[in-house]
Amino acid sequence: MKTLLATAATLLACGSGLAAEPAWPHFTDITAAAGITFKHSFGDQEMSNIVEATGPGCCVFDYNNDGRMDVYFVNGRWHPDISDNRGRNLKGRLTNALYRNNGDGTFTDVTAEAGVAGRPDSYGMAASAADYDNDGNLDLYVCNYGTNILYHNNGDGTFTDVTEKAGLLSPGWSLAAPWFDYNGDGKLDLFVVHYLEYDKGAFQQVGAYYKADNFPGPLSYPGLPDHLYRNNGDGTFTDVTREAGLWEPTGRGMGAVACDLNGDGFVDLYVTNDAMANNLWINDGHGHFTDVATETGTAFGEGGQGVSSMGPFVADVDRNGLLDILVPDMGYSSLLLQKRPGFFTDVTAQSGVALLCGQYTGWGGLLNDYDNDGYVDLFIANGDPHHLYVEEATLARYDGAGKFVDMTDVSGEFFARKFVGRGAAFADFDNDGDIDIVVNVIGDAPHLLRNDGGNARHWLKIVPLRTDTGMVTLGATVTVKANGLTMVQPVVATNGYLTGSDPRPNFGLGDATRADSVEIRWPDGTRQVLNNVKADQILTVKPSTTK
């Protein structure tokens with residue numbers, strides 16, 4: 001069946017004017033066959049405010065250390081601050097859900113036994129995973145409207161809510177929480193992105209909004225500051241936002257990614273804000289950050305300050321060894337290429353991204369190499385922001401010469417259907433070397449899209465592991481040279497809107513059966529090089545003993 005689908009995709013691609021080459025993959029929606037029965041709810045009978053319209057997301061992580069990626073879905077709730085009385089019948093009936101990957105194409109709902117259903121008042125938005133206490137197990141942080149939840153992984157398939165003890169309630173309304181070691185002490189710290197201060201009745205009563213929009217937008221509410229929490233190493237965290245230089249009380253944060261954007265060896269933060277300037281916080285290596293978004297060309301896209309920036313996604317699009325940024329939005333989206341270290345150029349129009357996105361409302365954006373040709377491709381989940389009006393998803397192949405080419409017509413039935421899309425995550429769920437996609441849908445079931453045929457070309461998955469815990473080393477950077485290309489990927493778990501994804505860097509090698517070299521730059525600055533690495537394998541690497 002996979003061969004037939006691949007052949008059909010090749011013929012269709014050739015018919016559309018693309019050169020004959022290994023087939024573009026087909027994406028198969030396996031949600032029902034995989035046993036995923038979760039359905040999102042915004043906790044009400046009708047979507048009637050900005051809180052209900054913003055989510056949902058999910059988190060992909062290996063909670064039981066069996067080498068297979070599991071998935072955690074967040075859910076809404078009936079909440080007195082948010083919901084209408086008509087939805088009271090949903091009170092106490094909605095929970096989050098954790099699905100264990102069985103390794104045979106199916107998943108099992110283990111929410112109850114794991115103890116991660118969420119609290120009755122935890123209106124879920126997003127989640128992220130990391131081993132914050134260095135015990136060799138991935139813990140889970142859930143972003144909510146209200147207060148957040150830190151679930152400690154007990155290592156036996158269960159979790160314990162330790163939020164208050166850890167000092168990570170972070171009240172307000174949170175949409176993202178990337179983990180990273182900002183001060184180089186070997187312990188993962190947490191950056192929590194806050195959106196705005198929602199008031200249920202303030203603007204509905206006076207009608208201070210455009211009625212066709214259904215409810216007030218973000219500029220009707222004051223923004224909230226984001227927060228950086230330093231890991232104290234004893235199970236507790238301290239808010240160091242002000243001393244780190246990250247205090248921005250007027251932000252309306254929609255997402256953030258933590259990685260070394262300027263290549264100086266220190267992990268930076270790029271924060272996207274709704275209808276205002278974004279922030280590029282550069283880490284000076286001494287525990288302090290400076291916002292350089294305006295001077296680097298990352299504060300705004302071509303649409304200016306009115307753009308509703310969603311979660312950012314970082315990848316090296318043009319293979320120049322520098323990381324670039326994709327920001328989906330309600331218009332044309334923004335693609336910012338880093339042409340030289342620390343300076344970005346908006347190529348949204350000339351790359352074809354504006355044409356692909358202009359008719360849609362973009363939310364969850366991904367840049368992954370879906371056909372393993374060596375170049376990252378584009379996926380964006382779309383959906384109306386004010387109504388349950390459905391839209392198709394966007395999928396495009398990068399041609400290696402500066403253009404993205406629409407591939408939705410040859411990529412599977414899913415792309416002919418419409419949904420109210422929000423967060424999107426990626427993972428190699430079956431460990432076969434091609435990248436699968438999870439699409440979160442507001443008020444409906446998610447979609448697990450299996451990549452069929454993406455491994456027709458060669459690939460290499462590099463997994464840098466910490467020596468002390470055996471966990472994937474967040475903050476490392478992997479560079480692979482093969483097939484005439486230099487490919488760079490940061491090791492991050494939060495990359496995109498409302499979601500955590502597979503942190504294992506996956507490289508497409510095209511026709512090359514080996515990588516010429518693999519270089520890992522570890523968080524302490526050490527560089528480790530492996531030469532002549534065989535393709536089509538998942539290679540785990542720990543730091544060498546020689547510095």
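The values are calculated or read from the model by the stated rules, or taken from the named source; none is laboratory data. Computed from a predicted model, the values in this text were never measured in an experiment. Every residue, glycine among them, receives a Cβ derived from its backbone with ideal geometry; neighbour counts consider all protein chains shown. All accessible areas refer to the heavy atoms of the entire protein, side chains included, with ligands and DNA or RNA removed. Shrake-Rupley method; radii C 1.70, N 1.55, O 1.52, S 1.80 Å.
So, SER411, is that one small (Gly, Ala, Ser) and either in contact with a helix residue (DSSP H, G or I) (Cβ under 8 Å, 6 or more places away or on another chain) or open to solvent by 10 Å² or more (accessible area, probe 1.4 Å) (or both) or not? It is true that SER411 is small (Gly, Ala, Ser) and either in contact with a helix residue (DSSP H, G or I) (Cβ under 8 Å, 6 or more places away or on another chain) or open to solvent by 10 Å² or more (accessible area, probe 1.4 Å) (or both).
Taking the conditions (1) touching a helix residue (DSSP H, G or I) at 6+ places or on another chain (Cβ under 9 Å); (2) under 19 Å from LEU326 (Cβ atoms) in turn, ILE282 satisfies each one other than (2).
What's the total number of residues in the stretch 277-290 that are more than 17 Å from ARG340 (Cα to Cα) and under 21 Å from the mean Cα position of the chain (by Cα)? Of the residues in the stretch 277-290, 4 are more than 17 Å from ARG340 (Cα to Cα) and under 21 Å from the mean Cα position of the chain (by Cα). Does at least one position in the stretch 147-166 carry a residue that is under 23 Å from the mean Cα position of the chain (by Cα), surrounded by fewer than 16 Cβ atoms within 10 Å (Cβ to Cβ) and either closer than 20 Å to HIS79 by Cα or modelled with pLDDT of 95 or more (or both)? Checking the stretch 147-166: not a single residue is under 23 Å from the mean Cα position of the chain (by Cα), surrounded by fewer than 16 Cβ atoms within 10 Å (Cβ to Cβ) and either closer than 20 Å to HIS79 by Cα or modelled with pLDDT of 95 or more (or both). Filtered by the rule that a residue be small (Gly, Ala, Ser) and under 22 Å from ASN451 (Cβ atoms), the stretch 479-524 gives ALA482, ALA493, GLY496, GLY500, SER501, GLY508, GLY510, ALA512, ALA515.
What about ASP502, is it open to solvent by less than 10 Å² (accessible area, probe 1.4 Å), under 23 Å from GLY400 (Cα atoms) and of a type in the set (D, E, K, R)? It is false that ASP502 is open to solvent by less than 10 Å² (accessible area, probe 1.4 Å), under 23 Å from GLY400 (Cα atoms) and of a type in the set (D, E, K, R). Among the residues making up the stretch 113-144, those that are within 20 Å of PRO171 (Cα to Cα), assigned to a loop (DSSP other than H, G, I, E, B) and among the aliphatic types (A, V, I, L, M) are VAL116, ALA117.
Might you check whether a residue that is hydrophobic (A, V, I, L, M, F, W, C), modelled with pLDDT of 90 or more and in contact with a Lys or Arg (Cβ under 7 Å, 6 or more places away or on another chain) occurs anywhere in the stretch 225-232? No, the stretch 225-232 contains no residue that is hydrophobic (A, V, I, L, M, F, W, C), modelled with pLDDT of 90 or more and in contact with a Lys or Arg (Cβ under 7 Å, 6 or more places away or on another chain). Elements of the type strands (runs of 3 or more DSSP E) sitting completely within the stretch 249-324 and holding at least 2 residues that are open to solvent by less than 10 Å² (accessible area, probe 1.4 Å): these cover 253-259, 268-273, 279-283, 313-315.
Meeting the requirement of 2 or more residues that are small (Gly, Ala, Ser), the strands (runs of 3 or more DSSP E) wholly within the stretch 369-485 are 421-427.
Inspection of the stretch 106-124 finds no residue satisfying the criterion of being at pLDDT 95 or above, touching a helix residue (DSSP H, G or I) at 6+ places or on another chain (Cβ under 8 Å), among the β-branched types (Val, Ile, Thr) and buried (at least 19 other Cβ atoms within 10 Å of the Cβ).
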